[in-house]
Amino acid sequence: MKESATFHRPFLRTKGFSTFHIQIFELILLGKANREINRLMGYTPKSHMVVDHSRQVMNKLLSYEGLCKRDYKDRVVYPRKYQFWWKKLLEKHRDTLIQKAIIPEYYDDVAPGI
């Protein structure tokens, strides 16, 4: 019997911005495709969670820089196209992001498949 992908999905107990979001964004900056990240994290191949989690990080980085989301919409929609720009912002604000992010807690001790 084929094992369901939802069995390995990370059941996050925490709802806020967490280090899990930062990990996903870092995988995007490494050039990994959304489907590959979904597979690594246990989401279904067409899941939108990777995009949603990474956008939270990008929006926080824009706010730390004092930049308007509307003006930088193309960089949020296509982060791989501007990955060097995002890496620079992430390196600059990594300490602040880590301080603001909470450590994720999972239900039933199920952690992401990294």
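Readers should treat all values here as calculations from the given coordinates under stated rules, not as data from a laboratory. Small disclaimer: the values here were computed from a predicted structure and weren't measured. Neighbour counts are summed over all protein chains in view; Cβ atoms, including those assigned to glycine, are modelled from backbone coordinates with ideal geometry.
Some notes on this structure:
- Stokes-Einstein diffusion for segment 16-100, with the hydrodynamic radius set to the Kirkwood value over Cα pairs and evaluated at 25 °C in a medium of 0.890 mPa s, equals 189 µm²/s.
- Under 5 Å between amide hydrogens, built in the peptide plane, is the criterion, and for Ser18 it picks out Ile102 among residues at least 5 positions away or on other chains.
- Ile103-Phe84 pseudo-label distance in nm [points 7 Å out on the Cα-to-Cβ vector]: 3.7 nm
- Note that segment 78-92 has calculated 3J(HN,Hα) couplings of 10, x, 5, 5, 10, 4, 5, 5, 5, 4, 4, 5, 5, 4, 5 Hz, one per residue in order, obtained from phi through the Karplus relation 6.51 cos²θ - 1.76 cosθ + 1.60 (θ = phi - 60°); glycine and proline are x.
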